[in-house]
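Let me begin by presenting the structure, written as structure tokens, before commenting on it.
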Amino acid sequence: MDSFAQQLRVVLRRLRRAPLFTAITLITLAAGVGANTVVFSVLEGVLLKPLPYPHAEELIGVWHSAPGLNISELIASPSTYFIYREQNRTFQDIGLYTEDSVSVTGVAEPEQVRALDVTDGTLPILGIPPMVGRWFTHEDDLPGTPETAVLTYGYWHRKFGGSPSIIGQTITVDGKPREVIGVLPRRFHFLDMEDPAVILPFKFDRNKTKLGNFSYQAVARLKPGATIASASADVARMLPIVNHSFPPPPGFSVKIFEDARIGPNLRPFKQVLVGDVGKTLWVLMGSIAMVLLIACANVANLLLVRVEGRRQELAVRAALGAGRARIAGELLFESVILGLLGSALGLGLAYIVLRVLVAMAPAGLPRINEIGINIPVLLFTLGISLFASLLVGSIPILKYAGTHLGTGLREGGRALSQSREQHRVRNLLVVVQVSLALVLLISSGLMIRTFRALTKVHPGFTSPAEVQTFRLSIPEAQVPENERVVRMDEEIARTIAEIPGVSSVAYSSTVPMDDQGSFDPIFIEGHNYAEGELPPVRRFKYISPGVARTLGTPLISGRDFTWDDIYKRTPVGIVSENIAREIWGDPASALGKRVRVGTSGEWREIVGVVGDVYDDGVNKEPPASVYWPFNAGHLYSDETQLQRDLAVLIRSPRAGSESFLKEVRQAVWSVNPNLPLASVHTVDYFYSKSMARTSFTLVMLGVAGGMALLLGIVGIYGVIAVSVSQRTREIGIRLALGAQQRALTGMFVRHGLWLTGVGVVCGLAASFALMRLMSSLLFRVSPADPFSYAAVSIILVATSFLASYLASRRATTVDPVEALRAE
């Protein structure tokens, strides 16, 4: 231990005596290790960390596919839920859930809050007991039983002061009194949903359940020994039972569901949360790992120069009996100390960056709140610090800790010019740096081109920052009459339109890119359908007059809806341009044609064609959409389809400002003081959110590429600068013999460009092989995009030229007389 402490003091003293070397080395290692720690923290928090539920590996998401409808992702329905729960052989239990938005009144001012609707088994499946009270029982989830609710911890504290006496009290939710029976624990988070305020039971009526309505997420817990494969086989066995246990909805037949060929598409529950973000994170992890390798190459170059300056010292020690193992051990010990100090600095840097990253979290990144510095991250940081230390330490050891030390004494104190062999290792490290930097810069270039391509796509609406949106819900318990709801909606729109700066107001069941919407097939009048044939599925939207004008979506042909259409429930519809071209060839030909939902719904005349809206994001094709009046009669059956929960769209240059929202709230409450505003955003929020993952990837790759470029250029500058300093005698002789200073500068610049050229060639070859891994992240850009490859290569060569030139200028300042006298 004394020997270790003594050696540590020697190393620290030696590092203090070389402050510039120590600072550059520590900063370089801190950048490489810190960047890797940040990305690994994200990777570990999102992908590797298990879900915060007991035995989370037993949880699965129960999804389906319908190849007969060309649908690969289909969630669950009440009919599948009942049969799966009653007749499965592989589940401990299964539950349905969906996000909701409800109004809470009678407690201070009215409030629209997030809710989670569940069946009675959903929360117990997750295995977390309530903190206060109880979960829902089977009786709570039956129709006709007393209404109940469970509160989340945050809402309980915010609204009711965390009082335990809330259990048994009544709150009014969507106009209905509900008894509070439980409170969730503080640590409870349901997937990656924004924490809801209340949890409500579905109360599905089995006797009224029909086939279809695949609108609900499902979670199940496997029995011991069951696997996803065995559960899939079990679901496939039960699906025919589902089709023959419930009646089809009006206008459909059982054969239609059979021809849809609905099958199981089960997946681990974590995959339901994480989705396809995993590939992005692994690409980023690989990119940041390259930065660490570049940093290691830079530090190895610094150590080579440093050890080269100690060759006389090491040669003397070898002559006095120090063995190869001891000298190698001391050199390695110094590199390990440097690695640990640099990693500690990098860990502190990573902590700060992670705090900023979580605070500015991209909307598309799941489990963001679970990202942080924990034991696995600390072990990872320790591992890569030791890896970096051993990697950078082994290079000078292999070169100088052996038989070459004897030459140090034979050379005496003469500063002879070095041979090509002595430069070879440093040159090789620079080539590696340039190659890796080129790969990362090309990755960044491809993402820049992707982002630019995304921004060039017209999303189907204009000036999204000037369109204010929020949701209004008028519950039946509060306003039971349908016509009164319509009149209230029209009065609210008229009142908002009177606010200064408002140019248009409308209602819609969805906001572009808000991940909401319903889907159903439409039948075309005059088309002959085979028995049981099901037309393609279309996205359905329920709107008021003025939606196209408010969003800036072009009305290509025909007319908009009128409020007269809404009140009279006129059988009309509007279709998107892609539907009109697909079915009738051009938009004008669609006007006057009739469509309907199902085989017995009312035929509805197409009165307008609007431009396509990229509801799923500009990186995907715009969905074929059908627009119905939000008060539609006989759409599916004889019942009126009145939409009570609608998004309000307001176009105004004041959108997003607090003063404007205050006026909007006053306008709404002047019509009905019990209507809270929910999900208050501009359309630009949803537009930016749809590109958040691309933006996040672009920023991370841009940072990695920038660091790689900086470290690579520093490496080239260092090699040229050291080469100049170590060839002072040669430069002096050349100058004494009449060599021109420009020629000497050109000699060193050519050396730097030669190293860069070799690195660029190697980097291009590596990029052609690796960029295909990024193909799923790109949009309208080839992984072998020649513009990106050429532009990045030119930038790297130009920057390398500048670094080589600046470093080689020292050669022109050499005084030949002084250089020769020093020898």
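Quote to one decimal, in nm, the extra length available between residue 524 and residue 73 on full extension: 0.36 nm per residue of separation minus the C-alpha distance between them.
Details: separation 451, 0.36 × 451 = 162.36 nm, distance 2.52 nm.
Stretched out fully, the residue 524 to residue 73 stretch lengthens by 159.8 nm.
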Expressed in nanometres to one decimal, the distance between label points 7 Å along Cα→Cβ at residue 20 and residue 205 is 8.5 nm
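Stretched out fully, how many nm does the piece from residue 484 to residue 139 gain, at 0.36 nm a residue minus the Cα gap? Working shown, then result.
Values: separation 345, 0.36 × 345 = 124.20 nm, distance 3.43 nm.
Taking residue 484 through residue 139 to full extension adds about 120.8 nm, to one decimal.
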Scalar couplings 3J(HN,Hα) for region 131-136 by Karplus 6.51 cos²θ - 1.76 cosθ + 1.60 (θ = phi - 60°), nearest whole Hz, x for Gly and Pro, are 6, 9, x, 9, 7, 5
Mean accessible area per residue over region 64-206 (1.4 angstrom probe, all protein chains present, square angstrom) is 40 Å²
Heavy-atom accessible area of residue 700, protein chains in place, probe 1.4 angstrom, given in Å² to nearest 10, is 30 Å²
Ranked output for segments 231-238, 749-756 by mean other Cβ atoms within 10 Å, highest leading, reads 749-756, 231-238
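Need the full-extension length gain, residue 99 to residue 271, defined as separation in residues times 0.36 nm minus the C-alpha distance. One decimal, nm.
Length gained, residue 99 through residue 271: 60.1 nm.
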Residue by residue through region 198-214, the couplings from Karplus 6.51 cos²θ - 1.76 cosθ + 1.60 with θ = phi - 60°, in Hz, x for Gly and Pro, are 9, 10, 10, x, 5, 6, 4, 9, 4, 6, 10, 6, 10, 5, x, 6, 7
Non-local residues with an amide H under 5 Å from the amide H of residue 461, with H modelled 1.01 Å from N and Pro and chain starts lacking one, are none
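About the Cα centre, and with charges only on the beta carbon of Lys, Arg (+1) and Asp, Glu (-1), how big is the dipole of region 207-317? Nearest 20 debye, please.
Numbers: 14 positive and 6 negative charges, 52 e Å.
The dipole of region 207-317 has a size of about 240 debye.
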The Cα extents of region 199-246 along the principal axes, largest first and rounded to whole Å, are 34, 32, 16
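Once every DSSP H run of n ≥ 4 in the chain is given -39500 (n - 2.57) and the sum is divided by its residues, what mean residue ellipticity at 222 nm do you get, rounded to the nearest 500 deg cm²/dmol?
Details: 26 runs with 403 residues, N = 823.
Taken over the chain, the calculation gives -16000 deg cm²/dmol.
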Distance in nm between residue 603 and residue 775 label points, each 7 Å along Cα→Cβ, equals 4.8 nm
Going through 541/620; 159/270; 210/620; 210/568; 620/689; 279/456 one by one, the pairs whose alpha carbons sit over 21 Å apart turn out to be 159/270; 210/620; 210/568; 279/456
Between residue 244 and residue 790, Cβ-based FRET efficiency (R0 45 Å, step 0.05) works out to 0.10
The long-range amide H neighbours of residue 510, using H built 1.01 Å from N in the peptide plane and a cut-off of under 5 Å, are 542, 647
Plugging the Cβ-Cβ distance of residue 458 and residue 559 into 1/(1 + (r/R0)^6) at R0 = 30 Å yields, to the nearest 0.05, a FRET efficiency of 0.85
Per the C-alpha gyration tensor (a ≥ b ≥ c, the square roots of its eigenvalues), the chain is rounded if a/c is under 1.5, else prolate if a/b beats b/c, else oblate; here it's prolate
In whole percent, the fraction of accessible protein surface over the chain that belongs to carbon or sulfur atoms, probe radius 1.4 Å, stands at 58 percent
For region 578-703, the dipole about the Cα centre with charges only on Cβ (Lys and Arg +1, Asp and Glu -1), to the nearest 20 debye, works out at 240 debye
For the chain, the longest principal axis of the Cα atoms and the Cα long axis of helix 324-359 enclose an angle in degrees, to the nearest 10, of 30 degrees
Measuring from its Cα centre, the chain shows a charge dipole (+1 at each Lys and Arg Cβ, -1 at each Asp and Glu Cβ) which, in debye to the nearest 20, is 4720 debye
Rounded to one decimal in nm, the spacing of the 7 Å Cα→Cβ label points at residue 9 and residue 639 is 8.6 nm
If amide H atoms are modeled at 1.01 Å from N in the peptide plane, then the residues at a separation of 5 or more from residue 641, or on another chain, having amide H under 5 Å from its own are 632, 633, 634, 635
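The values are calculated or read from the model by the stated rules, or taken from the named source; none is laboratory data. Because the structure is predicted, anything quoted here is derived from the model rather than measured. All Cβ positions, glycine included, derive from the backbone under ideal geometry; neighbour counts span all protein chains shown. Side chains included, ligands, DNA and RNA excluded: accessible areas come from the protein's heavy atoms. Shrake-Rupley method; radii C 1.70, N 1.55, O 1.52, S 1.80 Å.
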